[in-house]
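I have placed the structure first, in the form of structure tokens, so that the comments after it can refer back to it.
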Amino acid sequence: MRWLPVLALVLSGCVDANPVDPSIAADLACEGARVAVLYRLMPPAPAPASDKCDNCDGKGKVRSGDGISVFTCPVCKGTGKRAKSVLCTTGTCRP
């Protein structure tokens, strides 16, 4: 999804093989390169502000669909805290 603007610029540059003004093709190439560099320089998403579990809102318990029964949260296993990251291969950790 993040390469969609770059793909759009590349495809728009490939529409006319013989532009009337040759500087247009160079401008499109430069613009495509600029967009690609900007996307690579975007900072990563910020870390979550709290470590509360998103499923139970930090309570450790969730209600069933009927709202009567209360169960231990299956996501945090009753701790009320966000699950720790287990996959950190390229510098970006995912739970």
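The values are calculated or read from the model by the stated rules, or taken from the named source; none is laboratory data. Fair warning: this is a prediction, and the values are worked out from it, not measured in the lab. All Cβ positions, glycine included, derive from the backbone under ideal geometry; neighbour counts span all protein chains shown.
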Original post:
For the range 36-84, which residues satisfy the criterion of being within 30 Å of PRO5 (Cα to Cα) and surrounded by 14 or more Cβ atoms within 10 Å (Cβ to Cβ)?
Top reply: ALA36
Original post:
Any idea how many residues of the range 46-71 are among the hydrophobic types (A, V, I, L, M, F, W, C), under 29 Å from the mean Cα position of the chain (by Cα) and at pLDDT below 90?
Top reply: 3
Original post:
Within the range 2-11, can one find any residue that is assigned to a helix (DSSP H, G or I), at pLDDT 80 or above and on the phi < 0 side of the Ramachandran plot?
Top reply: no
**OP:** Go through the range 55-67 and give me each residue that's out of contact with any Lys or Arg (no Cβ under 7 Å at 6 or more places or on another chain) and of a type outside the set (S, T, N, Q).
**Re:** CYS56, ASP57, LYS59, GLY60, LYS61, VAL62, ARG63, GLY65, ASP66, GLY67
